[in-house]
Every structure is written in C-alpha cells, then in structure tokens.
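Worksheet: the structure to be examined is printed underneath.
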Ligand SMILES: [Zn+2]
Ligand SMILES: [Zn+2]
C-alpha cells in the first residue's frame, strides 16, 4: 500500500480535512500519478455534502486530475515515468458490454467505477484527486500534451471539458451549425470555448446581462439574455443544437423554442430535482429532440485533450490551496467563480 495524504469529508456536515488513505501498489497494468492539480467540480460538493444519494464516507472528492507519472506496471505500454497524465471521472468499467466495446465506457451497462465514491458491486470505495497520488489502470489514463505552464487550466478539461465536448461532437457542432450554450459556469464556459473552436456559430444564453462581455471574450458570437422576452423571441427556431448546462430545475419550453425543426437540446447539468416536463407541442410540431449526455468515453477524452493542446485551450480558473476547499464550495454554490476552482496540490505536501 502507498500511504497517501488526502483531504476528506468524514460526514455530510463536517468540513473537509486532512486524512491519510492507502493506494494500491501499481499492478502490471497500472499507472501511478503524482497529482499536480485537481479541478473542483460541482459533483464534488454534492458528494462531500451528500446532496445526492449514496455518499460513502470518508469521501475524497476530485475527478479533474492532472499529474506526472511516477511509476508504471510491467505491462504498461502507453506511458513512461515522467510523462504528464490526466484522469477524469472514471477509473474502470466492465470492459465487455456493448458500450465499453464501443469506447463509450461512461454508459457501461454494468456501471463504470467512479474516480471517487465509485465502488461497484460491493468493491472498496474509490478516492479521488484531492490527494498526493493516485493509481489507475492504464486504459483509463489520458496523455496531456499541453505546455507545462498551462497545466492547472487543463485539469477541468477532464470533466467540464469532456462533458461539453462529447455532445458537441455527437451532434456535430461545426461550421454552418448554430449552437446555443445555456448557462455560463464551469461547464458553460467550456461549451462556449469548444463550440467556437469547432467552428460553430455560438450564442450564449444567460440570465445575467453582466456576463455578456465574458461570453464574447470566451468565443460567443452572440449573447442573449434569456429572461428578456424580446431577445428570446428573436432567437426562436434558429438553433441546430442547444447545450443546456444549467444544474437547477427550470422551465425548458422557452429553450426548446429556440430549436429549428429537427434540432436537439441536450441536458448536461445535473439538477438535484427534475426539470418540470416541457410542453409536448413544442416538441412534436418541429420534431425537436430533448436529449441528455454524460461526460465522454476515454478515447473521446483523449481526442478533446489533444484538440485543446493543439489550440492552447484551457479552462479559466482560480487556483487555490487545498485548505481553501470549503470556502471554494460555498462560493461555487453561489456561482462565485470564473469559472473553475483548481487545487494546487503542492499545498497538500
Ligand atoms: Zn465533474
Ligand atoms: Zn461495460
């Protein structure tokens, strides 16, 4: 076992605090990574504070991990000691179901293993990236090819980046397509950057007029204040794809109305309670689709990381020491971050 410093929640109400965990010694197919940076995802807060069902304590969150390979198993062929590596939301899956065989491990029919709080079928709890080091099966580790000085901003690509990239690719965002991004938070700001980089015409839909300048700076061609009825009316029936990143229950009708015939709105935010069901006529009169999408597969994550490395795309972040994490959660809950907190893991050592 590798004794590893970490930060853990011991129950839903106590702040995160230093805690020692044991990592397995690397097996033949494992890569051991010394963690340099870990992004702070909304899911971390939900898990640490048990706002969703089923948190197992102690809980060490963190699934936006960038680090350096420090040891490899005998059968590892794709990584060398000293290389940069990234780990996202998954560390394992069954490997043999239809989804796994097609490289869509996030839809594993037997349940993928989450990077934290992710035991399946009674296995041991998994501990995430708020820690010194992690040991992960090679097939769930990605290469990071960004410049070294960009690494902190790379961490959020492993969840926020892939969560927006996968639906943009699946619904073929690109030149000639109009894409709407709803909400400008951790996910939304990556959605704007990536849709723009893919060549789509991008409109940011936000309830906050104050975010107009940021939306344009990040790559939006247009910014529409979604609480303004006149602005929304002008955008009706124009969009091929709407990527809805909002994680609070809200009325979907006004947004579905933005879609062209055969357009798709895909939900990627995870609200604590369902959205009210939208009106049926909004869908059937234009054959519109309401869809969902969950992170992305490992192959697709690598594709996204390479695309971003080539173009110098990273997340806009605020770098924090680990002992700031509970303040960061409180601020994140109020959307008071532009646009992702990232923990400098040197602060743990
Ligand atoms: Zn996440
Ligand atoms: Zn599977």
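The values are calculated or read from the model by the stated rules, or taken from the named source; none is laboratory data. Note that the structure is predicted; figures quoted are calculated from it, not measured. For neighbour counting, all protein chains shown are included, and Cβ atoms are generated from backbone atoms with ideal geometry for every residue, glycine included.
From the list 44, 92, which residue is more than 14 Å from ligand 1 (Cβ to nearest atom), at pLDDT 95 or above and within 24 Å of residue 304 (Cα to Cα)?
After applying the criteria, what remains is 92.
Name the residue, out of 60, 31, that is crowded, with 24+ Cβ neighbours inside 10 Å, within 16 Å of ligand 1 (Cβ to nearest atom), touching a residue at least 60 places away in the same chain (Cβ under 8 Å) and within 22 Å of residue 152 (Cβ to Cβ).
Only one candidate qualifies: 60.
Is there a residue being in contact with a strand residue (DSSP E or B) (Cβ under 9 Å, 6 or more places away or on another chain), touching a residue at least 40 places away in the same chain (Cβ under 8 Å), buried (at least 24 other Cβ atoms within 10 Å of the Cβ) and within 19 Å of residue 44 (Cα to Cα) anywhere in the range 104-114?
Checked against the condition, which is being in contact with a strand residue (DSSP E or B) (Cβ under 9 Å, 6 or more places away or on another chain), touching a residue at least 40 places away in the same chain (Cβ under 8 Å), buried (at least 24 other Cβ atoms within 10 Å of the Cβ) and within 19 Å of residue 44 (Cα to Cα), the range 104-114 yields no hits at all.
If you take just the strands (runs of 3 or more DSSP E) that sit entirely in the range 250-349, which of them hold at least 2 residues that are away from ligand 2 (no atom under 16 Å from the Cβ), over 30 Å from residue 99 (Cβ atoms) and at pLDDT 95 or above?
In the range 250-349, 317-320, 340-344 are the strands (runs of 3 or more DSSP E) which contain 2 or more residues that are away from ligand 2 (no atom under 16 Å from the Cβ), over 30 Å from residue 99 (Cβ atoms) and at pLDDT 95 or above.
The conditions are (1) in a strand (DSSP E or B); (2) over 21 Å from the mean Cα position of the chain (by Cα); (3) crowded, with 20+ Cβ neighbours inside 10 Å, and residue 241 fails exactly one of them. Which is it?
(2) is the only condition that residue 241 fails.
Could you list, in sequence order, the residues of the range 217-231 that are without any contact (Cβ under 8 Å) to a residue 12 or more places away in the chain and within 24 Å of the chain's Cα centre (by Cα)?
Passing the criteria: only 217.
From the list 118, 129, 122, 111, pick out the single residue that is modelled with pLDDT under 95, within 16 Å of ligand 1 (Cβ to nearest atom) and either part of a loop (DSSP other than H, G, I, E, B) or at positive phi (or both).
118
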